[in-house]
Amino acid sequence: MSQATTTATKWIRKSFIGETKLPVVYEPAEEKELLELTDWVKKNQKEWREDLKNYGAILFRGFPIHEATDFQSILLATEEKLGEFYLGTSPRDQVVKHVFTASELPAHYPIMQHAEMSFLDNPPKLLFFYAEKASETGGETPLTDLREIYKDVDPKIKEKIEKHGIRYRRRYDGPSNKARFSLWKTKRWDEMFGTTDLSEVKKISDENRFQLDWFGIDSLTITNEQSGFRIHPEAKTKAWHNHSQTFHYQAAVSEVWKIFKRQKTFRSLGVALLLTLLTLIKRISGEKSHDVHVTYGNGEEITANEMKSITNVFWKHLVAIPWQTGDVLIIDNFSVSHGRLPFTGPRRILVGWSE
Ligand SMILES: [Fe+2]
């Protein structure tokens with residue numbers, strides 16, 4: 001840790017881990033009860049929000065945060081309107097009202113950098129993570145500063161996004177398919193919408209500008225468009241803000257080779273080789289077979305080389321700090337992205353968000 005910053009509260013110490021200024025770490029200088037922390041969060045909105053605006057993320061470490069309800073009490077202390085409905089691609093389970101498991105995807109899967117729900121018109125402002133159980137190895141939730149990513153991405157790619165935006169296409173099986181995991185699909189549309197009522201599905205889709213195309217027995221294609229960049233509502237900074245990394249077939253394969261270089265394990269090599277092969281099959285079988293697909297807003301493909309260069313920019317800026325059980329991370333979702341590195345051993349990371 002280095003470079004302590006000042007705080008008006010004597011018992012909260014602020015510092016950074018190593019050279020990076022992402023996140024700023026808050027630690028208790030003396031033993032404190034959870035109630036004292038939630039009180040502090042409630043009463044010192046200006047101070048922590050200012051840090052969040054500047055640095056993009058705050059890590060609370062060393063506080064007595066033992067379970068999901070403790071975590072939820074911090075979320076409530078922010079006095080934000082909290083989310084309880086998730087329109088994303090990842091399989092998630094609700095733990096308590098505003099707290100979900102971060103992802104039920106298998107341990108060896110990588111999750112590429114993304115801003116939470118950036119494919120929606122109104123993505124969450126703040127994102128909260130809690131390490132109920134940190135994994136033995138790996139399993140970091142790496143972060144990047146999306147304002148820096150925006151500056152660094154190839155100007156030719158940015159120009160195309162500026163002009164056309166980004167188009168997403170997701171395909172979901174319906175209730176007739178009972179398997180939770182298939183090779184390319186992560187969840188069913190009824191799990192995502194939380195209902196099998198088609199008029200409700202239509203209503204939610206209209207609110208989110210989702211175009212629905214039904215096919216097969218009860219399968220669904222959802223198409224929608226976003227600008228690809230976002231201006232921070234308060235700071236007015238511009239950030240890279242899209243799901244190209246999690247939707248493009250090339251991103252996962254680039255990611256697993258980066259992970260192999262980082263983790264240097266037989267498993268990560270196996271995953272990289274297998275995914276390289278699967279991606280080749282995916283490329284040959286064409287985009288119609290993909291569960292998720294992303295293009296420029298005019299339908300033009302984002303090429304594999306363009307995607308590789310985007311992945312390189314992300315990895316140049318990637319900050320991966322190992323979790324400690326009890327950690328709580330607050331992320332400004334308009335400035336900072338997150339992902340997940342593969343892990344071993346039991347791991348339980350919980351998530352919540354503000355609307
Ligand atoms: Fe996420």
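The values are calculated or read from the model by the stated rules, or taken from the named source; none is laboratory data. Treat the numbers as computed from the prediction; the structure is a model and nothing was measured. Quick reminder, even Gly has a Cβ in these numbers, built from the backbone with ideal geometry, and neighbours come from all protein chains shown.
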If we scan region 120-135, do we find a residue that is surrounded by 21 or more Cβ atoms within 10 Å (Cβ to Cβ), within 15 Å of the ligand (Cβ to nearest atom), under 30 Å from Thr265 (Cα atoms) and not assigned by TED's automatic domain parsing to the domain that holds Tyr86? no
Report yes if some residue within region 121-139 is on the phi > 0 side of the Ramachandran plot and under 20 Å from the mean Cα position of the chain (by Cα); otherwise report no. yes
Inside region 279-337, can you point out the residues that are part of a loop (DSSP other than H, G, I, E, B), more than 17 Å from Gly228 (Cβ to Cβ) and hydrophobic (A, V, I, L, M, F, W, C)? Leu318, Ala320, Ile321, Trp323
Any residue at all in region 74-86 that is of a type in the set (A, V, I, L, M), under 17 Å from the mean Cα position of the chain (by Cα) and within 15 Å of the ligand (Cβ to nearest atom)? no
Of all residues in region 223-253, which are crowded, with 17+ Cβ neighbours inside 10 Å, at pLDDT below 95 and either assigned to a loop (DSSP other than H, G, I, E, B) or in contact with a Lys or Arg (Cβ under 6 Å, 6 or more places away or on another chain) (or both)? His248, Tyr249
Taking region 76-130 only, how many residues are among the β-branched types (Val, Ile, Thr) and within 13 Å of Leu350 (Cα to Cα)? 4
Residue hits (region 299-342; within 15 Å of the ligand (Cβ to nearest atom) and within 12 Å of Ile157 (Cβ to Cβ)) are none
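Search region 97-111 for residues being within 12 Å of the ligand (Cβ to nearest atom) and not in a loop (DSSP other than H, G, I, E, B), and hand back the single one that is surrounded by the fewest Cβ atoms within 10 Å (Cβ to Cβ).
The initial filter retains those residues of region 97-111 that are within 12 Å of the ligand (Cβ to nearest atom), namely 100-103, 105, 111.
Of the ones still in play, those that are also not in a loop (DSSP other than H, G, I, E, B) are 100-101, 111.
On the way: Phe100: 21, Thr101: 17, Ile111: 20.
Only one residue tops the list, namely Thr101.
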